[in-house]
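A.B. asks: One structure, pasted below without further comment.
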Amino acid sequence: MVIPEQIIDGVTVFSPKGKLLSTVDYEEFRNRIHKLKVPPIRGVVFDMSGVDFINSSGVSMLIAGLKILREADRDLRLAGMSPIAQKVIVKVCGLGEVFEIYDSVGQAVASFEA
């Protein structure tokens, strides 16, 4: 799975669509995140609105990205949580306190300016 990305105001926004499984693309994703932990990138937002399935590998991928970025004084934030992403990440895994979660990509991007 190739996850589309764009840069908005110095923040990289990933917009996965469909299944967020990432067992095959895990190393590629880690390499992409490592490249984003230096200026001018201020952080990363995952737009979860297009995710219709997420398993433990997908959650692990998000946690790994968060860890890599936080070690570099950056952050990974989630936005536009689809119902399934909300259920798995917040309710099942209890990660609502670990990730900053925003209603929209715009709000998440703006949060890096505060």
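The values are calculated or read from the model by the stated rules, or taken from the named source; none is laboratory data. Keep in mind the model is a prediction, meaning the values are calculated, not measured. Positions of Cβ are backbone-derived with ideal geometry, glycine not excepted, and every protein chain shown enters the neighbour counts.
A.B. asks: Hey, among the residues in segment 1-32 that are hydroxyl-bearing (Ser, Thr, Tyr) and modelled with pLDDT under 85, which one's farthest from Val88 (Cα to Cα)? Reasoning before the result, please.
C.D. replies: Looking only at segment 1-32, we keep the residues that are hydroxyl-bearing (Ser, Thr, Tyr), and these are 12, 15, 22-23, 26.
Within this subset, residues satisfying the condition of being modelled with pLDDT under 85 are 22-23, 26.
Details: Ser22: 15, Thr23: 17, Tyr26: 19 Å.
My answer is Tyr26.
A.B. asks: Which of (1) touching a Leu at 6+ places or on another chain (Cβ under 8 Å); (2) surrounded by fewer than 22 Cβ atoms within 10 Å (Cβ to Cβ) does Met61 not meet, given it meets every other one?
C.D. replies: (2)
A.B. asks: Among the residues that make up segment 66-78, is at least one of them touching a Gly at 6+ places or on another chain (Cβ under 8 Å), in a strand (DSSP E or B) and under 17 Å from Val2 (Cα atoms)?
C.D. replies: Checked against the condition, which is being touching a Gly at 6+ places or on another chain (Cβ under 8 Å), in a strand (DSSP E or B) and under 17 Å from Val2 (Cα atoms), segment 66-78 yields no hits at all.
A.B. asks: Can you find a residue that is at pLDDT below 95, closer than 14 Å to Thr12 by Cα and of a type in the set (Lys, Arg) anywhere in segment 76-92?
C.D. replies: No.
A.B. asks: Inside segment 28-46, can you point out the residues that are part of a helix (DSSP H, G or I) and either touching a Ser or Thr at 6+ places or on another chain (Cβ under 7 Å) or surrounded by fewer than 19 Cβ atoms within 10 Å (Cβ to Cβ) (or both)?
C.D. replies: Once the filter is applied, which keeps residues that are part of a helix (DSSP H, G or I) and either touching a Ser or Thr at 6+ places or on another chain (Cβ under 7 Å) or surrounded by fewer than 19 Cβ atoms within 10 Å (Cβ to Cβ) (or both), segment 28-46 yields Glu28, Phe29, Arg30, Asn31, Arg32, His34, Lys35.
A.B. asks: Just one of the numbered conditions (1) within 12 Å of the chain's Cα centre (by Cα); (2) within 21 Å of Glu113 (Cβ to Cβ); (3) at pLDDT below 95 is not true of Pro39; which one?
C.D. replies: Condition not satisfied by Pro39: (1).
A.B. asks: Turning to a different aspect of this structure: If I go through segment 66-97 residue by residue, how many of them are out of contact with any helix residue (DSSP H, G or I) (no Cβ under 7 Å at 6 or more places or on another chain) and either basic (Lys, Arg) or surrounded by fewer than 22 Cβ atoms within 10 Å (Cβ to Cβ) (or both)?
C.D. replies: Of the residues in segment 66-97, the ones out of contact with any helix residue (DSSP H, G or I) (no Cβ under 7 Å at 6 or more places or on another chain) are 66-67, 70-74, 83-84, 86-87, 90-92, 94, 97.
Pick out the ones that are also either basic (Lys, Arg) or surrounded by fewer than 22 Cβ atoms within 10 Å (Cβ to Cβ) (or both) and you get 67, 70-74, 83-84, 86-87, 90-92, 94, 97.
Qualifying residue count for the region: 15.
A.B. asks: Residues of segment 47-56 being surrounded by 16 or more Cβ atoms within 10 Å (Cβ to Cβ) and at pLDDT below 95, which ones?
C.D. replies: Those that are surrounded by 16 or more Cβ atoms within 10 Å (Cβ to Cβ) and at pLDDT below 95: Val51, Ile54.
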